[in-house]
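J.: The structure is given below, and queries will be raised subsequently.
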Amino acid sequence: MTILEKDLKILWGRAAGRCSYCNEDLTRTFEQGSITLGEMAHVIARSQNGPRGSAEFLAENERDKYENLILLCPTHHRLIDKAPRNFAVEDILEWKRRHEEKVNFSLSNIEVQTFYELCERVAIILLENSQIHKQYGPESLVANSNPFSDVSDIWSLKKLTKIIPNNRKIINIIEKNIGLLKYTQKKTFYLFKEHAEAFELNTQSRLDREAVPRFPIEFKNMIEECMDE
Ligand SMILES: [Zn+2]
Ligand SMILES: [Zn+2]
């Protein structure tokens, strides 16, 4: 058994590419071409004799699935495997749950006072996304100058661990402050939300590419125009 791409994508995406214990960004090592499968730690070891391997019954073909994996930096992976008795299955799953919740609800508690302030927050996140797209996206210099580079893998990792969590931040902070938007602004925001949700499903290969509505440029314009006023 090996870890399937589907499980790998869900794991890296939901953890935003960070250690579920200390939040260290694990995508950097990937860029240097040295990603190790070890960073995807088994909660219950693949074999009966491994760490927590006999903790409870889990069929062998279930052990490589997302549900039994946790993304950890090498330090924390070593920690839970060296002293397995100190780290119960429930404790490790609790780290994972809390970490994913943090990623998922990031910025969802931020209340701002004005639409301008909201735009400022969103603009920074949009800028980060567009820089990542420029640097690693399908039309990037790297992608074009070297057709054999693994930029497409880096791009799909960036989508999963940076762009999608960033989109979620945008949705969270706007929904928390939705009262600051006028009717037409809300409509524009919902176009973005529709795009972001389809993009996420598509990246996790659960949807046809054609089904993803394009990034609504009017959303970016709305945010930038507000900042110019
Ligand atoms: Zn760590
Ligand atoms: Zn391990």
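J.: Please give the contour-minus-distance gain from N221 to L93: 0.36 nm per residue of separation, less the Cα-Cα distance, rounded to one decimal in nm.
T.: Once the chain is fully extended between N221 and L93, it gains 41.9 nm.
J.: How many nm is it between the label spots at L141 and R85, if each spot is 7 Å from the Cα in line with the beta carbon?
T.: 5.6 nm
J.: Provide the three semi-axes, in whole Å and in decreasing order, of the ellipsoid equivalent to the chain as defined by the square roots of 5 times the Cα gyration tensor eigenvalues.
T.: Those come to 36, 21, 15 Å.
J.: Let me ask something else. Which residues make up the longest stretch of the chain that has no chymotrypsin sites (Phe, Trp or Tyr not before Pro) in a DSSP loop with at most 14 other Cβ atoms within 10 Å?
T.: Free of exposed loop sites, the longest segment is 149-229.
J.: Describe numerically, in nm with one decimal, the distance between label points set 7 Å from Cα along Cα→Cβ at L201 and at I178.
T.: Inter-label distance under the simple model: 1.9 nm.
J.: I would also like to ask the following. What is the distance, in nm, between label points placed 7 Å from the Cα along the Cα-to-Cβ direction at Q48 and at E120?
T.: Modelled inter-label distance: 6.2 nm.
J.: Now for a separate question. Where does the charge balance sit around A123 when Lys and Arg score +1, Asp and Glu -1, over other residues with C-beta under 14 Å from its C-beta?
T.: Residues near A123 contribute -4 overall.
J.: Here is the link list: K9/K220; K65/K169; K65/K193; K162/K220. Which ones come out longer than 24 Å on Cα distance?
T.: Result: K9/K220; K65/K169; K65/K193 exceed 24 Å.
J.: Report the relative contact order of the stretch 5-104, percent, no decimals, based on alpha-carbon pairs under 8 angstrom and at least 6 residues apart.
T.: Relative contact order here is 36 percent.
J.: How large is the helix-only mean residue ellipticity at 222 nm for the chain, computed as the sum of -39500 (n - 2.57) over DSSP H runs with n ≥ 4, divided by its residue count, in deg cm²/dmol to the nearest 500?
T.: Value at 222 nm, helices only: -16500 deg cm²/dmol.
Any read-out appearing in this document is the output of simple, stated calculations on the displayed coordinates, not a laboratory observation. Since we're looking at a predicted model, the values are computed, not measured. A quick note on method: Cβ atoms are made from the backbone with ideal geometry, for glycine too, and the neighbour counts reach across all protein chains shown.
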